[in-house]
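Heads up, the thing below is written out as structure tokens.
No value in this document is a laboratory result; all are computed from the given coordinates. All of these numbers come straight from a predicted model, not from anything done at the bench. Quick reminder, even Gly has a Cβ in these numbers, built from the backbone with ideal geometry, and neighbours come from all protein chains shown.
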Amino acid sequence: HFAPAMRFRLGHSMSLLKGLHRPQGWRLCKARGFHDDSFDFEKVFEKNKHWARSKRAADPEFFEKLARGQSPSILWIGCSDARVPANVIIGADSGTVFVQRNIANQFLAIDINAQAVLQYAIEFLQVPHIVVCGHYDCGGVRAALRNMNHGSPLENWLRNIRDVWRLHYDEIVQFHGEARVRRLVELNVVEQCLNVYKTASVQKRRWETLQKDGKILPQIHGLVYDVANGELKKLPIDFSQSDMQKLQNCFDLYEFEGDNTLPD
């Protein structure tokens, strides 16, 4: 039980909270679909058992092999959107994709979670491919295009997408309506691929594989998923010689002889 003074403070604080308004523009990030109020959480366990049985039926050693460890070929940096589960949309099984997801598939130098995932993926799992996957109809990108305050910490996170908008402002303002949202989705993927490329751990690994095997790994891929048709599209990350020179002059930590382009 709370002491009388504590009860007063808690009650007073709650009355103040009731008077607060939601941040302007909060509805932009609210799900536009509907929730099934009849959802029974206990069915999660029922469906899990059904899934496990079906896996054993198809491959009796499936879980034994998973228990021995993982050996993913892809680090997937994607959006938290419930419609874009990495393994599902590429038809991959458990143990094949190492996943990092957040709002609008960002990869930021200040995000220690994403940086730790990247380091683990390339130094210990030694994944040969890194995918940054955005998707059309992205709520985070859509919200960033509106001049509204979505409240902290969401607003702080969306500001990074607004920086992508600023960098490509002259191009983006040529588009209108949904076309503008789609283009910013694509440009955001490209910029996040560049952010991955800039990291010391990625450059170190690429330099090591070049010295050892004559191949530059991991390769970095920019993809966009269309939720309207279920298909992935690969974005061309093709920079002019002058753009690549600027990038390398500013961010390269290792010397790659003859390497003038980003990988696929």
What FRET efficiency comes out for S152 versus D59 if R0 is 51 angstrom and r is the Cβ-Cβ distance? Round to the nearest 0.05.
0.60
For K47, counting only lysines whose alpha-carbon sits under 21 Å away and dropping same-chain residues fewer than eight positions off, the answer is K55
Report, in debye and to the nearest 20, how large the dipole of the range 106-223 comes out about its Cα centre when Lys and Arg carry +1 and Asp and Glu carry -1 on their Cβ.
100
By a straight-distance test (C-alpha under 21 Å), which lysines pair with K198 as possible cross-link partners, with residues fewer than eight away in the same chain excluded?
K215, K234, K246
Least to most buried among H221, H129 (fewest other Cβ within 10 Å first):
H129, H221
Given H placed on each backbone N at 1.01 Å, which residues far from H150 in sequence or on other chains put an amide H within less than 5 Å of it?
E155
The range 122-194: mean projected area of Cα convex hull, nm²:
6.0
Give me a comma-separated list of calculated 3J(HN,Hα) values for the range 77-88, in order, Karplus coefficients 6.51, -1.76, 1.60 applied at θ = phi - 60°, integers in Hz, x for any Gly or Pro.
9, x, 8, 6, 3, 5, 8, 10, x, 3, 4, 5
Take every DSSP beta bridge whose two residues both sit in the range 72-264, then give the antiparallel share in percent to the nearest 5.
20
What percent do you get for the relative contact order of the range 72-264 when only Cα pairs under 8 Å and 6+ apart count?
22
